[in-house]
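I have placed the structure first, in the form of structure tokens, so that the comments after it can refer back to it.
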Amino acid sequence: MTPSDVKATLAFSDGSPSMDLPIYKGSVGPDVIDIRKLYAQTGKFTYDPGFLSTASCNSSITYIDGDKGELLYRGYPIEQLAQHCDFLDTCHLLLYGELPNAQQQKDFHKLVTNHTMVNEQMQFFLRGFRRDAHPMAVMTGLVGGLSAFYHDSTDINNPQHREISAIRLIAKMPTLVAMAYKYALGQPYMYPRNELSYTANFTHMMFATPCEKYEPNDVVVRALDRIFILHADHEQNASTSTVRLCGSSGTNPFAAIAAGVACLWGPAHGGANEAALNMLEDIQKAGGVEKIGEFIKQVKDKNSGIKLMGFGHRVYKNYDPRAKLMRETCHEVLEALGLENDPLFKLAMALEKIALEDEYFVARKLYPNVDFYSGIVQRAIGIPVSLFTAIFALARTVGWIAQLNEMIADPEYKIGRPRQLFVGATARDVKPIGQR
Ligand code: SDX
């Protein structure tokens with residue numbers, strides 16, 4: 001980060017001594033005002049619940065321009081990665097900063113493939129859950145549980161441990177998600193088939209059974225691989241910030257990623273794709289397109305507590321570029337699977353059109369985000385709604401790890417420990433119970 005010639009001067013109207021604050025420039029995007037010495041020099045904290053104006057770190061991994069609707073992974077536009085690369089290439093890019101050359105691609109794919117199996121004990125861990133447990137409850141447990149099996153790679157400060165746990169997590173997430181799915185179905189687990197590509201292997205573990213030969217469907221594999229690429233990383237979102245804060249205590253990588261899984265589950269975050277699809281199904285059941293007006297009215301009524309799930313974003317105040325790519329994937333997949341008249345897709349496009357012309361959404365710069373269309377694609381390729389967020393977690397694992405490793409490798413990093421504005425009771429004495 002480059003010091004700016006411009007300084008910020010903090011002055012106080014009560015004549016307290018003013019303070020100069022350094023400003024730093026990144027390679028692109030907003031400058032930052034360095035407040036690290038503020039408390040020591042003024043005895044005051046900044047106040048920013050929800051971190052609307054706070055940069056928690058400096059990073060070289062992902063850049064988002066919310067006004068332009070731009071998303072870059074290590075400088076590459078998401079549109080180009082979605083078109084020219086596969087998910088494992090994207091993993092290599094996010095982890096090491098560069099797209100692989102032919103040899104690196106071969107070596108990386110082989111490395112990941114050789115770690116796709118999980119310890120046989122994991123299946124007994126699953127047995128502790130009810131069969132109808134939400135897959136994200138299962139995934140939070142399984143991912144945290146990985147730290148019980150890999151004592152040889154839990155020292156987050158050891159670069160070799162960080163490398164092998166990154167590969168293990170990327171390689172094993174598909175296996176764990178598929179196991180959670182099979183467990184819910186009461187079907188036997190399918191072991192990975194190492195001759196398949198990463199994403200084809202995932203569809204095999206999800207949809208194959210021991211009773212018959214299973215051939216991965218290219219349309220499904222390509223759609224899922226694109227879904228993985230679009231969900232791989234997204235700057236300092238809630239779950240990534242959770243992973244960074246959790247990892248800053250020096251805990252092992254598996255525990256830190258499990259914290260990210262737990263945070264992603266929320267409907268305001270990764271749980272929105274499940275909530276968006278349920279919302280579309282509810283509107284469909286209530287009468288479909290002609291019921292959109294009534295639904296939009298409820299959304300505008302603050303007391304209803306109803307939000308248009310899959311719309312709005314803290315950073316994007318323009319169309320989420322991933323939503324555009326997801327909508328394209330919707331068209332391709334539905335057409336290829338002969339579902340082009342899917343009523344839910346038509347309903348989603350009608351809802352999007354109406355919302356984008358409605359002053360309420362225009363004034364608040366609410367556009368569809370990545371979650372608005374992803375559920376329709378996943379439903380079309382046979383992924384159950386309850387598994388949508390687990391698929392999001394599978395894809396985001398590489399982003400979480402890349403961000404965690406970037407933090408740990410930064411010699412300046414410290415344990416994250418925010419302060420507060422205390423508004424509670426000041427010191428008082430305990431009275432005997434008879435006087436309370
Ligand atoms: C993801 O951070 C990331 O990068 C996340 C993510 C990633 O890849 O990691 O992109 C993935 O989580 C995408 C977001 C998925 N969530 C949803 O689709 C849930 C619905 N969206 C909202 O909950 C909301 O838009 C958020 C949480 C996404 C963003 O909320 P903000 O930035 O805190 O905005 P806000 O709640 O302050 O909203 C501003 C205004 C409010 O109205 P007013 O009080 O100004 O009158 O817009 C309204 C909100 O009520 N609003 C919505 C709305 N989202 C915001 N109104 C109706 N429907 C919505 N979806």
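The values are calculated or read from the model by the stated rules, or taken from the named source; none is laboratory data. From a predicted model like this one, the values you see are computed outputs, not experimental measurements. Positions of Cβ are backbone-derived with ideal geometry, glycine not excepted, and every protein chain shown enters the neighbour counts.
Data table
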read-out	value
Identity of the residue in the range 122-174, assigned to a helix (DSSP H, G or I) and of a type in the set (D, E, K, R), that ends up surrounded by the fewest Cβ atoms within 10 Å (Cβ to Cβ)	Asp152
Residue within the range 240-249 that is surrounded by fewer than 17 Cβ atoms within 10 Å (Cβ to Cβ), within 30 Å of Ile408 (Cα to Cα) and touching a residue at least 24 places away in the same chain (Cβ under 8 Å) present	yes
Filter result (small (Gly, Ala, Ser), away from the ligand (no atom under 13 Å from the Cβ) and either closer than 21 Å to Met139 by Cβ or touching a Phe, Trp or Tyr at 6+ places or on another chain (Cβ under 6 Å) (or both)) within the range 381-416	Gly382, Ser386, Ala390, Ala402
Test: residue in the range 89-107 that is assigned by the TED database to the domain that holds Pro159 and on the phi > 0 side of the Ramachandran plot	yes
Elements of type helices (runs of 4 or more DSSP H) contained in the range 214-310, each with 2 or more residues being within 15 Å of the ligand (Cβ to nearest atom) and either touching a strand residue (DSSP E or B) at 6+ places or on another chain (Cβ under 9 Å) or under 20 Å from Val333 (Cβ atoms) (or both)	218-230, 272-286
Residue check, Glu340 assigned to a helix (DSSP H, G or I) and either among the acidic types (Asp, Glu) or in contact with a Cys (Cβ under 6 Å, 6 or more places away or on another chain) (or both)	no
Counted residues, the range 353-380 - those being within 13 Å of the ligand (Cβ to nearest atom), part of a helix (DSSP H, G or I) and either under 14 Å from Leu277 (Cβ atoms) or assigned by the TED database to the domain that holds His134 (or both)	6
Filter result for the condition that a residue is farther than 23 Å from Tyr181 by Cβ and at pLDDT 95 or above, over Asp86, Asp132, Asp65	Asp65
Members of the range 56-76 found to be in contact (Cβ under 8 Å) with a residue 40 or more places away in the chain and not hydroxyl-bearing (Ser, Thr, Tyr), listed by number	Cys57, Asn58, Ile61, Ile64, Gly66, Asp67, Lys68, Gly69, Glu70, Leu71
Some residue of the range 268-288 being crowded, with 22+ Cβ neighbours inside 10 Å and without any contact (Cβ under 8 Å) to a residue 40 or more places away in the chain	yes
Enumeration of residues in the range 306-339 that are within 15 Å of Ala272 (Cα to Cα) and either surrounded by fewer than 17 Cβ atoms within 10 Å (Cβ to Cβ) or not aliphatic (A, V, I, L, M) (or both)	Ile306, Lys307, Gly310, Phe311, Gly312, His313, Arg314, Asp320, Arg322
Residue ranges of helices (runs of 4 or more DSSP H) in the range 1-99 with at least 1 members closer than 28 Å to Arg419 by Cα	38-42
When residues of the range 311-352 are limited to those that are among the hydrophobic types (A, V, I, L, M, F, W, C) and near the ligand (Cβ under 10 Å from one of its atoms), the one farthest from Pro216 (Cα to Cα)	Val315
Criterion (over 17 Å from the mean Cα position of the chain (by Cα) and among the aliphatic types (A, V, I, L, M)) met by exactly one of Ala355, Ala323	Ala355
Any hit, the range 345-366, residues being closer than 19 Å to Ile78 by Cβ and out of contact with any strand residue (DSSP E or B) (no Cβ under 7 Å at 6 or more places or on another chain)	no
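Residue-by-condition table, conditions (1) farther than 20 Å from Phe202 by Cβ; (2) part of a helix (DSSP H, G or I); (3) modelled with pLDDT of 95 or more:
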{"site": "Ala348", "(1), (2), (3)": "yes, yes, no"}
{"site": "Gly382", "(1), (2), (3)": "no, no, no"}
{"site": "Ile391", "(1), (2), (3)": "no, yes, yes"}
{"site": "Ile401", "(1), (2), (3)": "no, yes, yes"}
{"site": "Met407", "(1), (2), (3)": "yes, yes, yes"}
